Amino acid sequence: MNPVAPATPGKDFLSILDLVRGDLDRLLGLAAQMKADRRLGTRAPTADALGGAHVAMLFEKPSLRTRSTFEIAVRELGGHALHLPAEFAQGTREPLEDVARNLERWVRALVIRTFAHRKAAIFAAAASDLHVINALSDEEHPCQALADMLTLRERWGSGRGRTLAYVGDGNNTATSLVHAAPQLGISVHLASPPGYELPARVVDEAIRGARDGASVRSFRDPRQAAAGVDAVCTDVWTSMGQEAETEERRRVFAGFQVDAALMAAAARGALFMHCLPAHRGEEVTAEVFESDASVVFDQAENRLHTQKALLAMLLA
Ligand code: CP
């Protein structure tokens with residue numbers, strides 16, 4: 001699906017769809033083990049998994065969670081993080097392909113956050129010895145979905161027979177969520193305003209990857225989407241780079257706020273999920289955000305453990 005195909009299957013992680021069958025389950029198992037082992041510090045079995053390897057970080061957009069957790073992950077696996085200025089993702093000083101071919105001589109992996117998914121794909125295709133990891137692009141946010149799936153696994157065990165609702169913008173975070181959940185047997189209900197739905201291609205990809213009878217259904221009414229589900233997920237109405245659309249989006253998404261009434265339509269004990277940062281009073285009320293249903297900081301913590309597992313699986 002990527003515009004420039006990765007050079008080697010399993011080399012890069014630009015999308016949840018880059019995981020071959022069974023990898024997601026294995027990765028979550030490894031992440032859970034690493035989370036338990038963290039108390040061992042430098043005595044953890046994976047404390048030298050990277051063996052001093054360098055990992056470059058190239059971020060075109062702001063980041064708290066992704067940047068911090070990747071840097072800590074690299075360090076806790078015995079590697080070194082190298083922060084590159086964002087200008088190297090512009091392709092103006094030299095072509096992106098040449099940047100990639102330089103980097104592969106020095107570092108094992110590139111963690112990239114970019115406005116253009118195609119740039120990550122160019123880096124991946126240009127350098128056969130460089131593992132490229134998507135730390136959020138305009139199209140996908142696969143590292144977030146890994147943390148979200150670990151959070152659900154901790155709460156539910158097997159996802160088989162569970163359903164989550166995604167209410168809001170059909171954006172990069174939603175894409176990766178809907179790629180991941182059905183692979184674990186979790187059904188997905190989607191509710192977005194007209195014109196802001198996930199692309200039909202993404203829904204088809206999610207359906208093709210579904211296991212254990214999981215389904216993907218779209219709704220116009222967020223209340224119908226949330227009815228009886230085990231978790232309600234949302235994301236900001238205006239993502240980075242869309243600031244000029246803020247007022248228009250507030251108007252369009254007004255009926256798609258996750259509030260107490262929406263959570264009441266879900267099953268008893270349903271979880272509230274958000275990748276953060278959250279805008280209280282827009283996509284979620286402060287009441288829901290601060291409620292016992294909210295697992296948003298578990299999701300944030302699990303960014304670290306899942307990215308450690310990802311790095312270990314790709315690089316070790
Ligand atoms: N959820 C997430 O990716 O957070 P950051 O933008 O802070 O990295």
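The values are calculated or read from the model by the stated rules, or taken from the named source; none is laboratory data. This one's a predicted model, so the numbers in the text were calculated from it and none came from an experiment. No Cβ is skipped: glycine too gets one built from the backbone with ideal geometry, and neighbour counts run over all protein chains shown. These accessible areas exclude ligands, DNA and RNA; they are computed on the full protein's heavy atoms, side chains included. Shrake-Rupley method; radii C 1.70, N 1.55, O 1.52, S 1.80 Å.
Table for the structure above
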{"quantity": "Backbone N within segment 213-236 under 18 Å of label point (7 Å from S291 Cα along the Cβ vector)", "calculated": "222-236"}
{"quantity": "In Å, descending, principal axis extents of the Cα set of segment 190-316", "calculated": "48, 38, 31"}
{"quantity": "Pairwise centroid distance, computed over Cα atoms, of segment 60-92 with segment 249-316, Å", "calculated": "24"}
{"quantity": "Estimated vicinal HN-Hα couplings, Hz - segment 140-155 in sequence order (Karplus 6.51, -1.76, 1.60; Gly, Pro = x)", "calculated": "9, 9, x, 5, 5, 5, 4, 5, 5, 5, 5, 4, 5, 4, 5, 7"}
{"quantity": "Candidates S176, S187, S239, ranked by Gaussian network fluctuation over the chain, Cα under 10 Å, top entry", "calculated": "S239"}
{"quantity": "Simple label model, 7 Å out from Cα along Cβ direction - M240 to S158, nm", "calculated": "3.9"}
{"quantity": "Interchain or long-range residues, amide H under 5 Å from H54's placed H", "calculated": "H80, R108"}
{"quantity": "Positive-end residue of F253, N171, I207, charge dipole of segment 124-273 with Cβ unit charges", "calculated": "I207"}
{"quantity": "The chain, helix-only ellipticity at 222 nm - DSSP H runs n ≥ 4, -39,500 (n - 2.57), divided by all residues, nearest 500", "calculated": "-11500 deg cm²/dmol"}
{"quantity": "Accessible-area order (highest first, 1.4 angstrom probe) of the listed residues Y196, Y166", "calculated": "Y196, Y166"}
{"quantity": "Cα-projected label distance for R105 with E87, points at 7 Å along beta-carbon direction, nm", "calculated": "2.1"}
{"quantity": "Cα centre as origin, Lys/Arg/Asp/Glu Cβ charges: the chain dipole, Debye", "calculated": "760"}
{"quantity": "Charge-dipole axis of segment 1-138 as Lys and Arg at +1 and Asp and Glu at -1 on Cβ define it, positive-most pick from Q33, L110, A81", "calculated": "Q33"}
{"quantity": "For segment 103-213, convex hull of alpha carbons as volume per residue, Å³", "calculated": "117"}
{"quantity": "Cα-based shape type of segment 35-84, given that a ≥ b ≥ c are square roots of the gyration tensor eigenvalues and the cut on a/c is 1.5", "calculated": "oblate"}
{"quantity": "Two-site label geometry, E247 and A264: point separation in nm, points 7 Å out along Cα→Cβ", "calculated": "3.4"}
{"quantity": "Net length gained if the chain between Y196 and A316 were fully extended (0.36 nm per residue, minus Cα distance)", "calculated": "39.3 nm"}
{"quantity": "Zone of H279's modelled label, taken as backbone nitrogen in segment 213-248 under 20 Å from a point 7 Å along Cα→Cβ", "calculated": "222, 233-248"}
{"quantity": "Residue among N302, N172, N102 with the largest mean-square fluctuation in a Gaussian network model of the chain, springs linking Cα atoms under 10 Å", "calculated": "N102"}
{"quantity": "Beta bridge orientation in the chain: antiparallel %, DSSP, nearest 5", "calculated": "0"}
{"quantity": "Size of charge dipole - segment 31-174 - debye, nearest 20, with Cβ of Lys, Arg +1 and Asp, Glu -1, no other charges", "calculated": "620"}
{"quantity": "Loop-resident sites, segment 99-195, for trypsin sites (Lys or Arg not before Pro), counting at most 15 other Cβ within 10 Å (DSSP)", "calculated": "R105, R160"}
{"quantity": "Size of charge dipole - segment 230-316 - debye, nearest 20, with Cβ of Lys, Arg +1 and Asp, Glu -1, no other charges", "calculated": "240"}
{"quantity": "J(HN,Hα) series, segment 114-126, from Karplus relation 6.51 cos²θ - 1.76 cosθ + 1.60, nearest Hz, glycine and proline x", "calculated": "9, 6, 10, 3, 4, 5, 4, 5, 5, 4, 5, 6, 7"}
